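Every number in this text was worked out from the coordinates using simple rules, so none of it is lab data. What you see is a predicted model; the values in this text were computed from it and never measured. Don't worry about glycine lacking a Cβ; one is built from the backbone with ideal geometry, like all the others, and counts go over all protein chains shown.
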């Protein structure tokens, strides 16, 4: 099967199946590193506790986006 034929066949699949296929392909290119994933989960949980306890303040999304917009205008 040629790449063009495969592309046409994949394009005809329902979106859910295309997303699953894309996930499988991406994972085959960049396999998950479970140690890194565990560390990200640990960090996320730690940050959530800090936010919920009031130890750190959050920044409203609009403010973050405005800062980014201003940064990239330069």
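Taking every pair of alpha-carbon atoms in the chain, give the share separated by more than 13 Å as a whole percent. So the portion of pairs separated by more than 13 Å is 80 percent. Between residue 51 and residue 71, the C-beta separation translates, for a Förster distance of 35 Å, into a calculated FRET efficiency of about 0.90. Nearest 10 degrees is fine. How inclined is helix 34-53 to the longest principal axis of the chain, computing both from alpha carbons? Result, in degrees: 40. Axis of helix 61-73 versus longest Cα principal axis of the chain: the two differ by about 80°, to the nearest ten degrees. Computed from Cα atoms, the angle from the helix 15-29 axis to the main principal axis of the chain rounds to 80 degrees. Can you work out the base-10 log of I(q)/I(0) for the range 34-73 at q = 0.17, 0.21 1/Å, using the Debye formula on its C-alpha atoms alone? Log-scaled intensity ratios, in q order: -0.66, -0.76. Between residue 34 and residue 5, residue separation times 0.36 nm minus the direct Cα-Cα distance comes to 6.9 nm.
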